[in-house]
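Just below is one structure, and these are the notes that go with it.
Just so you know, all these numbers are worked out from the coordinates, no wet-lab data involved. Small disclaimer: the values here were computed from a predicted structure and weren't measured. Methodologically, a virtual Cβ is constructed for each residue, glycine included, from the backbone with ideal geometry; neighbour enumeration extends over all protein chains shown.
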Amino acid sequence: MPLSGLEHRGVLFVLSSPSGAGKSTIARQLLQHDPDIAMSVSVTTRPPRPGEVDGKDYHFVDVPTFKDMVAANQLMEWAHVFENRYGTPRAPVEKMLAEGRDVLFDIDWQGAQQLYQQAGGDVVRVFILPPSMAELGRRLRSRNTDDPSVVEGRMARAASEISHWDGYDYVLINADVEDCFAQVKTILDAERLRRSRQTGLIGFVRKLMTSETS
Ligand code: 5GP
């Protein structure tokens, strides 16, 4: 909800970071604290990790199904990440926007770029950096969600993901997750107040100008 309570254009809010920089924690907190933003659940051909729920974390599909979705233009963007395919289903995003909600995307730089090409002014891109590569390594090793070779692969790729930091509107350093979350929330709140997003302003100002002064 915009702070003014007026009608508004939804924000397509993209959070990207190398794996382990704290993006998922921040995304989770944002969804918990803010009922007006909803998550875009991606489709992926990657197998589920222990504890991941189909339809909540991802829609897990096989490669032919993914290709069919691409061919049917059902994805707003898609990319190969870590040898698997990931994409953003179009219909749920359109539905959330029509309901007046903002949409949160946990996608990589390729997805951010494609989304921006399509939806330009509606997109806000935030990149989260780790405070150091040593800290990133520690966070990845303490997770235990993947075997060590996968962790090493991700460390190697983190450097290449970080090289895309300049394709974002905002770049944050996640030294402290609470501080970083507060910064993300500040960005979202400010972006919601942009004049271009407050589509109800014209009517409001018209009424304001014609209303009685006493
Ligand atoms: P993971 O396999 O760890 O869940 O995700 C790996 C990477 O894929 C993360 O950087 C994540 O942001 C990215 N990703 C997840 N969903 C999508 C998507 O729909 N599109 C794109 N382009 N990247 C995605």
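Which ³J(HN,Hα) values in Hz, rounded to whole numbers, follow from the phi angles of the range 200-214 under the Karplus curve 6.51 cos²θ - 1.76 cosθ + 1.60, where θ = phi - 60° and Gly and Pro get x?
Whole-Hz 3J(HN,Hα) from phi for the range 200-214: x, 5, 4, x, 5, 5, 4, 5, 4, 6, 9, 7, 5, 8, 9.
According to a simple spin-label model (label point 7 Å from Cα along Cα-to-Cβ), what is the distance in nm between Val63 and Ala182?
Spacing of the two 7 Å Cα→Cβ label points: 4.8 nm.
Less than 19 Å from a label point 7 Å out along the Cα-to-Cβ axis of Ser160: which backbone N atoms in the range 72-96 qualify, by residue?
78-87
Which is the longest run of the chain containing none of the GluC sites (Glu not before Pro) found in DSSP loop states (not H, G, I, E, B) with at most 16 other C-beta atoms within 10 Å?
Longest gap between qualifying sites, sites excluded: 100-211.
Whole-Hz Karplus ³J(HN,Hα) for the range 96-113, in order, using 6.51 cos²θ - 1.76 cosθ + 1.60 and θ = phi - 60°, x for Gly and Pro?
5, 5, 5, 7, x, 9, 8, 10, 9, 10, 9, 9, 8, 5, 5, x, 4, 5
Which value in Å does the Kirkwood hydrodynamic radius of the range 65-171 take, with 1/r averaged over all unlike C-alpha pairs and then inverted?
For the range 65-171, the Kirkwood estimate is 15.7 Å.
Quick one: order Asp36, Asp122, Asp189, Asp166 by neighbouring beta-carbon count within 10 Å, fewest to most.
Result, fewest neighbours first: Asp166, Asp189, Asp36, Asp122.
Rg to Rh for the chain: what is it, with Cα atoms only and Rh by Kirkwood?
When Rh is taken as the Kirkwood radius, the ratio is 1.02.
For Tyr58, list long-range residues whose amide hydrogen, built 1.01 Å from N in the peptide plane, is under 5 Å from its own amide hydrogen.
Counting only residues 5 or more places away or on other chains, the set is Val53.
For the range 76-121, what class follows from the C-alpha gyration tensor (a ≥ b ≥ c being the square roots of its eigenvalues): rounded when a/c is under 1.5, otherwise prolate if a/b is larger than b/c, else oblate?
prolate
Can you list the HN-Hα couplings for the range 162-178, worked out from phi with the Karplus curve (6.51, -1.76, 1.60; θ = phi - 60°), rounded to whole Hz and with x for Gly and Pro?
Result, rounded to whole Hz: 4, 5, 9, 4, 7, x, 10, 7, 9, 10, 10, 10, 8, 7, 9, 5, 5.
Charges at C-beta only: +1 for Lys and Arg, -1 for Asp and Glu. How large is the resulting dipole of the chain about its Cα centre, in Debye rounded to 20?
Once rounded to the nearest 20, the dipole reads 240 debye.
Using the charge dipole of the range 1-83 (Lys, Arg: +1 at Cβ; Asp, Glu: -1 at Cβ; taken about the Cα centre), state which of Phe13, Phe82, Val70 has its Cα farthest towards the positive end.
The residue sitting farthest along the positive end of the dipole is Phe82.
What do you get for trypsin sites (Lys or Arg not before Pro) in the range 33-93 restricted to DSSP loop and a cutoff of at most 13 other Cβ within 10 Å of the site's Cβ?
In loop regions of the range 33-93 (DSSP not H, G, I, E or B), the sparsely surrounded trypsin sites (Lys or Arg not before Pro) are Lys56.
Could you tell me which trypsin sites (Lys or Arg not before Pro) in the range 116-214 are loop residues by DSSP with no more than 15 other beta carbons within 10 angstrom of their beta carbon?
When the trypsin sites (Lys or Arg not before Pro) of the range 116-214 are filtered for loop state and at most 15 Cβ neighbours within 10 Å, Arg143, Arg194 remain.
Could you tell me the ratio Rg/Rh of the range 24-100? Both radii from Cα atoms, Rh via Kirkwood.
Rounded to two decimals, Rg/Rh equals 0.99.
Principal axis extents for the range 146-204, Cα atoms only, whole Å, descending order, please.
Largest first, the range 146-204 extends 58, 24, 19 Å along its Cα principal axes.
List Leu201, Leu15, Leu208 from most exposed to least, where exposure is judged by having the fewest other Cβ atoms within 10 Å.
Final ranking by Cβ density, sparse to dense: Leu208, Leu201, Leu15.
I want to verify a result. In a Gaussian network model of the chain, Cα cutoff 10 Å, which of these has the top mean-square fluctuation: Met76, Met133, Met39?
Comparing Met76, Met133, Met39 in a Gaussian network model of the chain, the most mobile one is Met133.
What 222 nm value per residue comes from the helices of the chain, counting each DSSP H run with n ≥ 4 as -39,500 (n - 2.57) and dividing by all residues, nearest 500 deg cm²/dmol?
-13000 deg cm²/dmol
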